[in-house]
Each structure stands twice: as structure tokens, then as C-alpha cells.
1. If each residue of separation counts as 0.36 nm, what is the full-extension length gain between residue 29 and residue 228 once their alpha-carbon separation is subtracted?
2. State, as an integer percentage, the relative contact order of the chain based on alpha-carbon contacts under 8 Å between residues 6 or more apart.
3. Rounded to the nearest 0.05, what FRET efficiency do residue 73 and residue 338 give with R0 = 41 Å and r taken as the Cβ-Cβ distance? Could you check?
4. Which part of the stretch 245-289 falls in the paramagnetic zone of residue 143, meaning amide N under 11 Å from the point 7 Å along Cα-to-beta-carbon?
5. How much length would be gained if the chain were fully extended between residue 217 and residue 202, taking 0.36 nm per residue of separation minus their Cα-Cα distance, in nm to one decimal?
6. Give, as ranges by residue number, the residues of the stretch 113-139 whose backbone N falls under 13 Å from the point 7 Å along Cα→Cβ of residue 293.
7. With the crude spin-label approximation of a point 7 Å out along Cα→Cβ, what separation in nm comes out for residue 65 versus residue 83?
8. Mind listing which GluC sites (Glu not before Pro) in the stretch 200-308 are in a DSSP loop and have 13 or fewer other Cβ atoms within 10 Å?
Amino acid sequence: MNSPENPPSVREIRINPIIPSESVLVATARSMRPKKAEELVPRDTRSHVETCPFCRGNEHKTPPAILTIPDETNWQIRMVENLYPVLGDDRQDANLTFGLQQTIDGYGRHEVIIDHQNHGIALFEMSVSHLALLFQVYRDRMKVLYESDQRLKYVLAFKNFGPAAGASIPHTHSQIIAMPVVPQNVHDEVENSRAYFTKNNHCIFCSLIDEALTFEATIYDRNSGSVRRKISVGQYVIEKGKKFIAIKPFASRFEWEIHILPLNHQADFMTVSNEDLEDFANVLQRSMARLDAVIGGAQYNYFLHTQPQGKEYQDCSSSYHWHLEICPRTSIPTGFELGAGLSVNTISPEQAAEQLRAVKL
Ligand SMILES: [Zn+2]
Ligand SMILES: [Zn+2]
Ligand SMILES: [Zn+2]
């Protein structure tokens with residue numbers, strides 16, 4: 001029998017059910033890469049830093065505010081242009097093609113959202129109402145950007161937290177990049193889920209949620225009759241609210257990766273109601289608290305995947321399903337991973353989910 005201290009070792013390539021090319025090698029028996037996991041990274045917990053351009057009182061150090069909530073002196077959330085945009089709207093030249101080397105003009109918008117006036121606050125320490133407000137800001141800004149310019153094909157809202165996740169300024173913040181192309185991974189999700197829908201008349205994300213909430217199976221070895229694997233109901237579920245669910249993907253690229261999805265089918269994040277965002281914020285906050293309790297001082301990226309705008313994506317409202325992907329950074333990709341295009345995960349997603357669920361909140 002497998003005891004909790006001695007979980008079954010797993011060594012298998014798991015095919016991502018939505019993007020088969022993004023598969024994962026789950027190899028728990030030996031660590032195949034440098035580990036940074038499980039040791040506490042000291043987090044900057046100061047609430048105010050005199051020299052920080054994102055702290056209150058230093059508003060003159062950022063480009064002018066696009067939005068302040070509720071106002072410029074007592075702001076809780078503040079949005080500004082990025083001082084070093086990766087995409088800008090200053091150039092309007094046509095796309096260049098030179099032989100096989102094609103370029104698409106780096107046209108777009110890059111904005112920074114200062115998530116909270118408290119410099120070092122962690123996401124799970126923010127109130128549920130504040131988190132709901134933050135995601136309302138993402139939603140409303142997306143609408144404004146899409147309406148402002150037909151050339152914008154995708155608006156990506158994301159957050160980098162901690163140096164391992166690429167955050168250059170320690171003050172908690174997130175970013176919005178509006179781009180002239182749909183990112184390849186979103187495009188792949190959209191296309192593959194559309195193909196699944198055409199075949200099965202069902203949204204693949206909804207199917208995965210149903211599976212997580214109902215599926216139970218025992219797989220026996222054909223020759224010896226011994227149990228090869230037991231799959232139990234809810235083994236991938238981290239948190240469940242009234243309207244949202246947090247799951248550990250079966251083929252997680254990152255050891256502690258968590259996805260949050262609406263329980264009822266919804267393709268476009270821009271159609272989510274304020275009321276539903278309260279439940280979303282609750283599931284997010286609890287999931288992040290679990291993550292922090294297990295890995296301590298989590299450094300992570302999160303990003304929103306939603307139905308892209310434009311005519312060619314209009315028919316995806318039944319097949320696509322918006323979600324937030326949370327990717328904690330606990331290890332550095334190795335040459336094997338980059339060279340093979342295969343993520344390596346050294347903790348089985350079932351085990352990780354169990355540890356996260358076991359946290360007493
Ligand atoms: Zn600050
Ligand atoms: Zn769905
Ligand atoms: Zn996604």
C-alpha cells in the first residue's frame with residue numbers, strides 16, 4: 001500500500017488534453033533539474049518604501065495615471081502607462097516581410113496596474129472585495145482597449161510576482177498588454193477546443209470540470225490483476241466556490257500550477273458580472289493562501305485566457321471557456337526541457353493537489 005509519506009512514483013508523459021503539443025513529463029522518482037522549491041524565500045513585507053515609484057506619495061515618479069480608484073490621493077488601485085513598454089502605439093508602419101523573416105509591427109498598448117497601495121502585500125493577504133475590484137479593473141480596461149482600436153486582437157492581463165517570475169519592481173502590480181496578434185497558446189486552445197466541440201458538441205473545459213467532479217476509476221494490471229492506478233472524485237480539485245473551481249491540471253507544466261475556471265460555461269471574461277467576480281476572488285484568495293502555506297513566499301505568474309475578439313473568433317462562444325492560469329516558479333527550465341519542448345514536473349499533480357487541499361485555512 002502507498003502511504004501518504006511514500007506516494008507512488010510516477011514516470012509518464014502526460015498529454016495536455018487541450019494543447020497536445022504542450023505535454024509534460026511527470027517524473028517523481030528523481031529530480032531532473034535544479035530545485036528551488038520548498039525553501040522559504042524571504043518576501044519584502046514592508047507596507048511602504050520611500051524610494052518605490054509605486055508607493056503612495058511618489059505618484060510623480062510614474063507616467064500620468066490612466067485610472068485611479070477611488071481617487072488620486074487615496075487610491076487603492078492605480079493604472080499607469082508602462083515606462084518601458086514592450087509594445088507601443090508610436091509607430092504605425094506596415095508589417096515587414098523579408099524573405100522568410102516576417103515581422104509584425106510591435107504595435108499595441110502596455111499598461112501597469114498597481115494592485116494595492118500596500119507595497120509588499122501578498123495576494124492572499126488582500127481582501128476578497130479588493131481582489132474582485134482588481135479583476136473588475138482588468139475586465140473594464142479590456143473593453144475600453146478593444147473598443148478604442150480595431151487593430152488590437154488580444155488583450156492579455158497578467159501578473160509577475162517575485163524576481164523568479166520576472167517582476168522588476170517589488171511593489172505588487174500587474175500588467176495589461178494589448179497586442180495586434182492572438183498569442184499562439186491562446187490560438188491553440190481556441191482552435192483545439194473548437195475542434196473538440198465540432199466532434200463532441202461539448203466544451204472541453206466543461207468536460208474537464210465534469211470529469212474532475214464525477215470521475216472515479218480503478219485501472220488494474222492486465223496480467224497480475226494488481227491496481228495500477230486509482231482515480232478518485234475530486235483528486236484534482238483545490239477549491240470550489242459557488243460559481244468557480246480551482247483545479248490542478250492533470251498535465252501541469254509547473255509543479256504547483258493551478259487553473260481557476262467558471263463552473264458554468266462562459267467564453268468571454270468581459271461578460272463576467274461583479275457578483276460572480278466576488279466568488280472568483282474568494283476562490284483565488286483561498287487558492288493562493290493554500291499555495292503560500294505549502295511552498296511559502298510563492299513567486300508566480302498568472303494570466304487570463306479568454307475568447308479573443310474579432311470575426312474569426314465569434315463562433316467560439318460555445319467551445320472556449322475563459323480561465324486564469326497560476327504558474328508558481330519553483331524551478332528553472334533545463335536544457336532538456338527547452339530542447340525537447342517538454343516540461344518536466346517532479347511532483348505528481350495528484351500529490352500536489354492533495355497537499356494543497358490538506359492546508360487548514
Ligand atoms: Zn512600493
Ligand atoms: Zn465550457
Ligand atoms: Zn489557457
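No value in this document is a laboratory result; all are computed from the given coordinates. Everything numeric here is computed off the predicted structure, so don't read it as measured data. Note that each Cβ is placed from the backbone with ideal geometry, even for glycine, and that neighbours are counted across all protein chains shown.
1. Contour length minus the Cα-Cα distance gives 70.0 nm.
2. 22
3. 0.30
4. Zone members listed by number: 270-274.
5. Value of the extension gain: 3.2 nm.
6. No residue passes the distance filter.
7. 1.8
8. Those that pass, being in a loop and sparsely packed, are 216.
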